[in-house]
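The block underneath contains the structure these notes are about, expressed in structure tokens.
The values are calculated or read from the model by the stated rules, or taken from the named source; none is laboratory data. This structure is a prediction, so every number in the text was calculated from the model and none was measured. With ideal geometry, Cβ positions are generated from the backbone for all residues, glycine too; neighbour counts draw on all protein chains shown. These accessible areas exclude ligands, DNA and RNA; they are computed on the full protein's heavy atoms, side chains included. Shrake-Rupley method; radii C 1.70, N 1.55, O 1.52, S 1.80 Å.
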Amino acid sequence: MKDFPGTPGTLTGLVLRISQCIFAVGSIATMATTHNFFNFTAFCYLIASMGLQFIWSFVLAVLDAYAFVRKKALHNPVLVSLFVVGDWVTATLSLAAASASAGITVLYLNDLKSCNLGVECQKYQMSVALAYLSWVTIAISSLIMLWLLAAG
């Protein structure tokens with residue numbers, strides 16, 4: 001398998017995984033500090049999805065860091081296949097959660113005009129934005145993993 005930026009064991013791969021963790025934790029923290037997030041199923045789904053995203057990305061970041069320090073390539077076809085499936089599953093869940101939460105946020109803010117608490121509404125928006133940023137980084141990783149598997 002070829003070694004190109006973003007593959008496991010490279011610095012860019014590690015940066016992608018760490019950024020996924022940071023954006024997912026930021027989304028969780030921002031949403032969890034609101035008082036009424038548990039009243040909306042989409043927001044609860046966002047927290048669950050970002051929690052799964054964080055766990056998956058953190059484990060792979062530790063694996064990437066180990067491979068980067070040891071100067072080893074994680075290009076075992078079985079391992080890369082596992083990365084591809086995991087990345088695509090978490091990417092799909094993250095996009096679904098971010099989109100559902102964005103829909104509820106727009107409904108709550110614009111359509112119902114029931115957002116009297118300005119800070120809480122801004123936290124909803126920030127959490128959704130961070131969830132989308134997490135999805136962008138996991139989408140990049142999943143495409144790189146698929147490319148690596150195909151090039152294998």
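Backbone phi angles across the range 4-21, fed through the Karplus curve with coefficients 6.51, -1.76 and 1.60 (θ = phi - 60°), yield HN-Hα couplings of 10, x, x, 6, x, x, 9, 5, 5, x, 5, 5, 4, 5, 5, 5, 4, 4 Hz in residue order; Gly and Pro are listed as x. Compactness of the range 72-152 is given as radius of gyration and Dmax, 17.5, 55 Å, from Cα positions. Taking the centroid of alpha carbons for each part, the range 51-78 and the range 82-140 are 25 Å apart. Surface composition of the range 1-128: carbon plus sulfur atoms hold 73% of the accessible area, using a 1.4 angstrom probe and ignoring ligands, DNA and RNA. With bins 5 Å wide beginning at 0, the percent of Cα pairs of the chain falling in each bin runs 2, 11, 19, 20, 15, 11, 9, 6, 4, 2, 1, 0.
Peptides 56-67, 89-100 ranked from most to least packed give 89-100, 56-67, packing being the mean of other C-beta atoms within 10 angstrom over each peptide's residues.
From most to least packed by mean Cβ count within 10 Å, the peptides 128-139, 70-81, 25-36 give 128-139, 25-36, 70-81.
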